Amino acid sequence: LEGTTTSINYTGIDNLVYYTAKDGLHMLNLQPGTSVGVFDCTGRLLEQRPNCASEEVFNFSAGVYVFKAFSDGMVQSLKVIY
């Protein structure tokens, strides 16, 4: 990534929006009480953020990650190649 946004993606959980940029993966429109888990390509939990702010930034090295957002009994999984 060369410091530019690659794409903006909209998901099914409460209009969750995410995009990748030079400084990491940005998640926007997180609802109060949303929890986000980040997993590597082997399924190992790398980070868990309970009660996220409305915007969160995740900084990881290059790789493939699965982000799971838990909100009001719903789970949204996002595969991100960074």
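The values are calculated or read from the model by the stated rules, or taken from the named source; none is laboratory data. None of the values given here were measured: they were computed from a predicted structure. A quick note on method: Cβ atoms are made from the backbone with ideal geometry, for glycine too, and the neighbour counts reach across all protein chains shown.
List of remarks:
- Number of positions in the stretch 3-49 that are modelled with pLDDT of 85 or more and either on the phi > 0 side of the Ramachandran plot or part of a strand (DSSP E or B) (or both): 24
- Residues that are under 15 Å from Y18 (Cα atoms) and touching an Asp or Glu at 6+ places or on another chain (Cβ under 6 Å) within the stretch 29-82 comprise Q31, V38, listed in sequence order.
- Qualifying residue in the stretch 48-67 (condition: free of Cβ contacts under 8 Å to residues at least 24 places away in the same chain and surrounded by 13 or more Cβ atoms within 10 Å (Cβ to Cβ)): yes
- Set Q31, Q76: member being surrounded by 13 or more Cβ atoms within 10 Å (Cβ to Cβ), of a type outside the set (K, R) and in contact with a Lys or Arg (Cβ under 9 Å, 6 or more places away or on another chain): Q76
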